[in-house]
Amino acid sequence: MNFEEIYDATPDGTWEAPGRVNLIGEHTDYNEGFVMPLALPHTCRVEAARREDGVLRLHSADIGKGVVQLRLDALAPGSPEAGNWAAYPAGVAWALREAGLGVGGADLHFTSTVPVGAGLSSSAALEVSTALALNDLYGLALRPEQLARISQRAENAFVGVPSGIMDQMASACCTAGHALHLDTRDLTQRQVPFDLAAQGLRLLVVDTRVSHALGDGEYAARRAGCEEGARALGVQALRDVSFEGLDAALERLDDPVVRGYVRHVVTEDRRVERAIGLLDAGETRAVGPVLTEGHVSLRDDFQVSSPELDLAVDTANGAGALGARMTGGGFGGSAIVLLEESETDKIGEAVNSAFAAAGYLAPHLFEAVPSAGARPL
Ligand code: GAF
C-alpha cells in the first residue's frame with residue numbers, strides 16, 4: 001500500500017535516512033571516544049504530510065500491522081500504545097516537543113531497505129528519517145547534529161535503549177564516498193575519503209542473520225561496566241585514559257571483567273587513530289589488520305562477539321581477506337571484511353561454505369558502498 005491508499009491524501013514530501021556499518025571504533029561512543037562509520041545505500045524512506053490536529057499517524061510497509069494513531073500531547077516514555085517499532089518515530093516527535101520545538105501532527109508512511117536486527121542501524125534510520133521529515137514539515141531548521149541528538153534522546157529516554165550517538169550521527173551526517181571520523185565527546189567531525197573501488201578494494205558486509213538486539217541487557221551491562229571503570233579510575237569517561245597510561249590504569253582495577261572492558265575501549269580509540277593515519281597516508285590495505293585486531297579485542301576483552309561473527313571473521317581472513325571484524329553492537333548482527341576486489345567471490349564462497357558446514361543460517365553478503373546521509377528526495 002502506498003501513502004495515498006493508506007491516508008487518502010498526498011504526502012507533502014519524502015525523506016530518507018540510511019543505515020550504517022562502522023569501520024572501526026566500537027563501543028567507544030558512550031565512552032566519549034572516537035568512531036568511523038559509513039552510511040549504507042540501504043535507507044528508511046518516509047513519506048509525510050502535516051496535520052493540524054495534534055495527531056500522529058504511523059504506518060510501516062514492512063511491519064504490516066496497520067496504522068498506529070497517537071495524540072502528541074499524550075506521548076510519554078513508556079506509552080503502551082507506542083509499543084514496538086512505532087516507539088521510535090513517536091519518540092522522535094516526543095523528543096522534539098520536549099526540546100521546546102513547535103511540532104504538530106503528521107501522517108507518516110515508512111518503507112525501509114535496512115535489514116532489521118542485523119546491527120546495521122535500522123532503528124537510527126527510522127529515527128533520523130522521522131526527525132528530518134518533522135524538521136522540514138514544521139520549518140525547524142535543525143542541523144544534522146541536532147537531528148542526531150534528538151533521535152538519540154528518543155531512543156534513550158522514550159524507547160529505553162541506552163545507545164550512544166554513533167548510529168544517529170552516521171545516519172544524519174555521512175556523505176557519499178566517505179567515512180565519518182567523529183569525536184563523540186563534542187561531535188567534531190571529518191569526512192575521510194573512502195573510495196575503495198578506485199584502489200581495487202571492497203568492503204563486504206556479512207549479515208549473519210542472527211538477530212542482535214540492544215534492548216536485552218547485555219549492551220546496558222557493557223555500558224555500566226565502562227562507567228564503573230571510569231569511576232574507579234577517577235576520569236569523566238574512558239576516553240580520558242591514555243594509551244600510554246593503560247597498563248598503570250589496569251593495575252588499579254580489581255575486577256577482571258571491567259579490566260577487559262577498559263583495555264578494549266582504550267586500545268580501540270588507538271585503533272581508530274591508527275586507521276585514520278593509514279587512510280590519510282593512502283595505505284588502505286594496511287587498515288585490514290587493524291580491523292582484525294579490533295575483532296579480537298571485542299571478542300576477548302569486551303565479550304560481545306558470537307560464534308557466527310567469529311566464524312565469518314576467521315573464515316574470511318583464512319581465505320585471504322585483508323582484515324575483518326564484527327561491526328555494531330555485537331551479540332549477532334554483521335561483520336565487515338576488507339578485501340581485494342578480485343578475491344570477492346572466493347572469500348564469499350568460503351564464508352558461505354563455512355556457515356553451511358557449521359549448520360548456521362546462510363548469511364547475507366553484500367558490498368558496503370559509502371553512501372549519503374539523511375536527505376529530502
Ligand atoms: C550500537 C549502539 F547503538 C551505538 O551507539 C554503539 O555503541 C554501537 O552499538 C557499538 O559501537 O550500534
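The values are calculated or read from the model by the stated rules, or taken from the named source; none is laboratory data. Values in this document were obtained by computation on a predicted structure and should not be read as measured data. Quick reminder, even Gly has a Cβ in these numbers, built from the backbone with ideal geometry, and neighbours come from all protein chains shown.
Of all residues in segment 233-256, those satisfying the criterion of being surrounded by fewer than 16 Cβ atoms within 10 Å (Cβ to Cβ) and part of a helix (DSSP H, G or I) are 247, 248, 251, 256.
With the structure loaded, tell me whether residue 202 is within 23 Å of residue 119 (Cβ to Cβ), touching a Pro at 6+ places or on another chain (Cβ under 7 Å), in the same structural domain as residue 287 (by TED's automatic domain parsing) and outside any loop (DSSP other than H, G, I, E, B) or whether it fails that test.
Details: within 23 Å of residue 119 (Cβ to Cβ): yes; touching a Pro at 6+ places or on another chain (Cβ under 7 Å): no; in the same structural domain as residue 287 (by TED's automatic domain parsing): yes; outside any loop (DSSP other than H, G, I, E, B): yes.
Judged against the criteria, residue 202 is not a match.
For segment 348-368, does any single residue satisfy the condition of being in contact (Cβ under 8 Å) with a residue 12 or more places away in the chain, surrounded by fewer than 23 Cβ atoms within 10 Å (Cβ to Cβ), closer than 18 Å to residue 35 by Cβ and not hydrophobic (A, V, I, L, M, F, W, C)? No: zero hits.
Taking the criterion of being within 16 Å of the ligand (Cβ to nearest atom), over 17 Å from residue 129 (Cβ atoms) and out of contact with any Asp or Glu (no Cβ under 6 Å at 6 or more places or on another chain), would at least one residue in segment 38-58 satisfy it? Yes, there is a match, as at least one residue in segment 38-58 is within 16 Å of the ligand (Cβ to nearest atom), over 17 Å from residue 129 (Cβ atoms) and out of contact with any Asp or Glu (no Cβ under 6 Å at 6 or more places or on another chain).
For segment 159-194, how many residues are more than 16 Å from the ligand (Cβ to nearest atom) and either touching a strand residue (DSSP E or B) at 6+ places or on another chain (Cβ under 8 Å) or in contact (Cβ under 8 Å) with a residue 40 or more places away in the chain (or both)?
10
Report yes if residue 97 is in a strand (DSSP E or B), touching a Leu at 6+ places or on another chain (Cβ under 9 Å), without any contact (Cβ under 8 Å) to a residue 60 or more places away in the chain and of a type in the set (D, E, K, R), otherwise no.
Details: in a strand (DSSP E or B): no; touching a Leu at 6+ places or on another chain (Cβ under 9 Å): yes; without any contact (Cβ under 8 Å) to a residue 60 or more places away in the chain: yes; of a type in the set (D, E, K, R): yes.
No.
Checking the structure you have, find out if any residue of segment 243-251 is in contact (Cβ under 8 Å) with a residue 60 or more places away in the chain, in contact with a helix residue (DSSP H, G or I) (Cβ under 6 Å, 6 or more places away or on another chain) and at negative phi. Outline the logic, then answer.
Taking segment 243-251 first, the residues in contact (Cβ under 8 Å) with a residue 60 or more places away in the chain are none.
Scanning segment 243-251 turns up no residue that is in contact (Cβ under 8 Å) with a residue 60 or more places away in the chain, in contact with a helix residue (DSSP H, G or I) (Cβ under 6 Å, 6 or more places away or on another chain) and at negative phi.
In the set 123, 129, only one residue is within 16 Å of the ligand (Cβ to nearest atom) and either of a type in the set (S, T, N, Q) or without any contact (Cβ under 8 Å) to a residue 60 or more places away in the chain (or both); that residue is 123.
Quick one: which of 172, 224, 230 is modelled with pLDDT of 95 or more, under 16 Å from the mean Cα position of the chain (by Cα) and in a helix (DSSP H, G or I)? I'd like the intermediate steps shown before the answer.
Numbers: 224 fails: under 16 Å from the mean Cα position of the chain (by Cα); 230 fails: under 16 Å from the mean Cα position of the chain (by Cα).
Being modelled with pLDDT of 95 or more, under 16 Å from the mean Cα position of the chain (by Cα) and in a helix (DSSP H, G or I) holds for just one of 172, 224, 230, which is 172.
On inspection, residue 123 fails the criterion of being among the polar types (S, T, N, Q), modelled with pLDDT under 95 and closer than 22 Å to residue 335 by Cβ. Looking across segment 66-94 at every residue that is aliphatic (A, V, I, L, M) and part of a loop (DSSP other than H, G, I, E, B), the one that is surrounded by the fewest Cβ atoms within 10 Å (Cβ to Cβ) is identified as 76. Scanning segment 94-137 for residues that are closer than 19 Å to residue 20 by Cβ and of a type in the set (Val, Ile, Thr) yields 111, 113, 114, 116, 128, 130. Take residue 308 and tell me if it is within 16 Å of the ligand (Cβ to nearest atom), under 24 Å from residue 212 (Cα atoms), of a type in the set (D, E, K, R) and not assigned by TED's automatic domain parsing to the domain that holds residue 25. Here the answer is no, as residue 308 does not meet what is asked.
If you check 165, 150 for being closer than 25 Å to residue 12 by Cα, among the β-branched types (Val, Ile, Thr), assigned by TED's automatic domain parsing to the domain that holds residue 101 and modelled with pLDDT of 95 or more, only one passes: 150.
Looking across 24, 63, 6, one residue alone is more than 15 Å from the ligand (Cβ to nearest atom), outside any strand (DSSP E or B) and in contact (Cβ under 8 Å) with a residue 40 or more places away in the chain. It is 6.
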